[in-house]
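Only the coordinates and a few stated rules stand behind these numbers; no lab work does. Computed from a prediction, not measured in an experiment: that's the story for all the values here. Cβ atoms come from the backbone with ideal geometry, glycine included; neighbour counts cover every protein chain shown.
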Amino acid sequence: MFDILKNQQLMDKEIEELLIPAEKVAHVQLNNPLEHALLVLVKSGYTAIPVLDTKDKLHGLISKSIILDSLLGLEFIEVDKLQNKIVADVMETDVPTIQQDATFARALTLSINHPFMCVVDENGLFVSILTRRSILALVSKYLHM
Ligand code: 4BW
C-alpha cells in the first residue's frame, strides 16, 4: 500500500495545481481589531487564517483559539479587548511557508504538523495556500489508480 509514497513521479510533482489562490482565501490585516478577525473566522468557518499587510505581505496567522486566549484575564473574559487590541498584538508569527515551485514531498512533510501552508513569492508576498485536504486528495487519487 505505501509503495505509493515511494512513487517518484508523485513526490517530485510540483504543488501548483493544488493551490487555493489568494482571492479565495479568507484573511485579515495586521491592524484589524480582534473583533473584526473573530467575525471573519466565525463567518468563514475556518479555525485559522493568514494575516497580511496592505501590500499583501504575509506576517502571521490568527486563530479563534489565539483570540479567545488573549481575552482571558485572571478571573474574567475581558471582552473589551476585542476592540482595544489588534491582530498584530496577538497573532502567531512562526508560520510555515513554501514557494510555489516546492515539491509534493516537501508539502507532504510539512502537512504532518500544519493543516495548511502559506505560499509566498520571493518577496514574501502572499500568493495562495496549500491545505492538508488537497494533499490527502492527491495521495488518495494515486492510491486508487
Ligand atoms: O468552509 C469550508 N468549506 C469546505 N469545503 N471545507 C471546510 C470548510 N471549513 C472547514 N472545512 C474542512 C476542510 O476539510 O475542515 C478542515 C479543517 O478546517 P480548518 O483548517 O480547521 O478551518 C478543512 O481542511 P483543509 O481544507 O485541509 O483546510 C485546512 C486549513 O486551511 C483550515 C483553515 O485553517 C485553512 N483554510 C482552508 N481553506 C481556507 C483556509 N483559510 C482561509 N481561507 C480558505 N479558503
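Could you pull out the residue among K13, K24 that is out of contact with any Leu (no Cβ under 9 Å at 6 or more places or on another chain), under 27 Å from R106 (Cα atoms) and charged (D, E, K, R)?
Step by step, each of K13, K24 is checked, and only K24 is out of contact with any Leu (no Cβ under 9 Å at 6 or more places or on another chain), under 27 Å from R106 (Cα atoms) and charged (D, E, K, R).
Which one of S128, S140, S111, S134 is surrounded by fewer than 12 Cβ atoms within 10 Å (Cβ to Cβ), hydroxyl-bearing (S, T, Y), within 16 Å of the ligand (Cβ to nearest atom) and under 27 Å from E16 (Cα atoms)?
Every option except S140 fails the conditions.
Can you say whether D56 is within 22 Å of L110 (Cβ to Cβ) and surrounded by fewer than 10 Cβ atoms within 10 Å (Cβ to Cβ), as far as the supplied structure shows?
When the stated conditions are applied, D56 does not pass them.
For the subset of region 90-108 comprising residues that are assigned to a helix (DSSP H, G or I) and away from the ligand (no atom under 16 Å from the Cβ), which member is surrounded by the most Cβ atoms within 10 Å (Cβ to Cβ)?
V90
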